[in-house]
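The values are calculated or read from the model by the stated rules, or taken from the named source; none is laboratory data. The model shown is predicted, which means the values in this text are computed figures rather than measured ones. Heads up, the Cβs are rebuilt from the backbone with ideal geometry, glycines too, and the neighbour counts pull from every protein chain shown. With ligands, DNA and RNA removed, areas are computed over all heavy atoms of the protein, side chains included. Shrake-Rupley method; radii C 1.70, N 1.55, O 1.52, S 1.80 Å.
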Amino acid sequence: MNLSLKTKLSIWVALIIIIIGAARTYYFISDSHSGIEKKLIARGEALIHSLARAAEEGLVSENLDLIKKAEYIVRSEDVRLVQVYSTIWDAIDAYPLERLKDSPHPDAISHFRNSNHPYYKKIDETYDFYNAILFKPTKDSPEISIGFVRLTVSSSAMHEEIKKTLVDNVVSSVIITFIILIALNMLINRLVINPVSRLQKSITIFRSGGRHDIVPVHSNDEIGELISAFNQMAGTINKDA
């Protein structure tokens, strides 16, 4: 099947715009995923720090209802599990309570053997945050670990936000691509297709022995020079005939 020049140019323009749009969408989604993940991690670290402070107050005052002091944390929509452990990782309190005996991740236990810095691990659709419960016996004494807290946060909200971002970006990309495609087609028609079509029509008439009408020249580019050359050639032939 022979395609016209206009159709070929339109296909190539569409393909180029689609490829650029797909690359832009991929980069945008990757960047959004990274940004949203950073926000989730920052939020989890802030929550686990607050939970550790609440648990410290409870342990120091020998109040075993440790989680109640941080009820605003455990009631958060994306929080799936909260646990308080002793220094030997025996569970003291948990929310929900039926998950009291859930074991901490081995990597977290290994981490806190040598450090009291916060720790988190991504597991499937959740982020598992751990923090040491630190206490200073006196104002000038160093902090000591008196236990650990665990906070498991679901990433489902993050994935929903990414999905919404993807849909919004795809819709906007399709609209922008459609507008650019129309604009480029109009520009190509005006600068290339229409002049070439007029030239092709005039050549066909001239070749069949018809009267040659001068093809108007609207540009000083290669196409304009080609039309001018044809006009001169046809004019010369008509004079000699």
Criterion: at pLDDT 75 or above, closer than 30 Å to residue 49 by Cα and open to solvent by less than 80 Å² (accessible area, probe 1.4 Å) - qualifying residue of 155, 172: 155
Is one or more of the residues making up region 23-33 assigned to a helix (DSSP H, G or I), modelled with pLDDT of 80 or more and basic (Lys, Arg)? no
Can you tell me how many residues within region 6-61 are closer than 30 Å to residue 190 by Cα and aromatic (Phe, Trp, Tyr)? 1
Is region 92-103 home to any residue that is at pLDDT 90 or above and within 31 Å of the chain's Cα centre (by Cα)? no
Could you grab me the full set of residues in region 87-141 that are charged (D, E, K, R) and either open to solvent by less than 50 Å² (accessible area, probe 1.4 Å) or within 29 Å of residue 37 (Cβ to Cβ) (or both)? 93, 99, 102, 107, 113, 121, 122, 124, 125, 128
Per-region count, region 209-233, residues of a type in the set (Gly, Ala, Ser) and at pLDDT below 70: 2
Helices (runs of 4 or more DSSP H) within region 93-210 that include 2 or more residues in contact with a helix residue (DSSP H, G or I) (Cβ under 8 Å, 6 or more places away or on another chain): 156-188, 194-207
Please work out which one of (1) under 21 Å from residue 56 (Cβ atoms); (2) among the small types (Gly, Ala, Ser); (3) touching a residue at least 40 places away in the same chain (Cβ under 8 Å) is the condition residue 141 fails and give its number. (3)
Hey, can you tell me all the residues within region 6-50 that are of a type outside the set (Gly, Ala, Ser), surrounded by 13 or more Cβ atoms within 10 Å (Cβ to Cβ) and over 20 Å from residue 172 (Cβ atoms)? 6, 9, 37, 40, 41, 43, 45, 47, 48, 49
Return yes or no: is residue 201 open to solvent by 70 Å² or more (accessible area, probe 1.4 Å) and at pLDDT 70 or above? yes
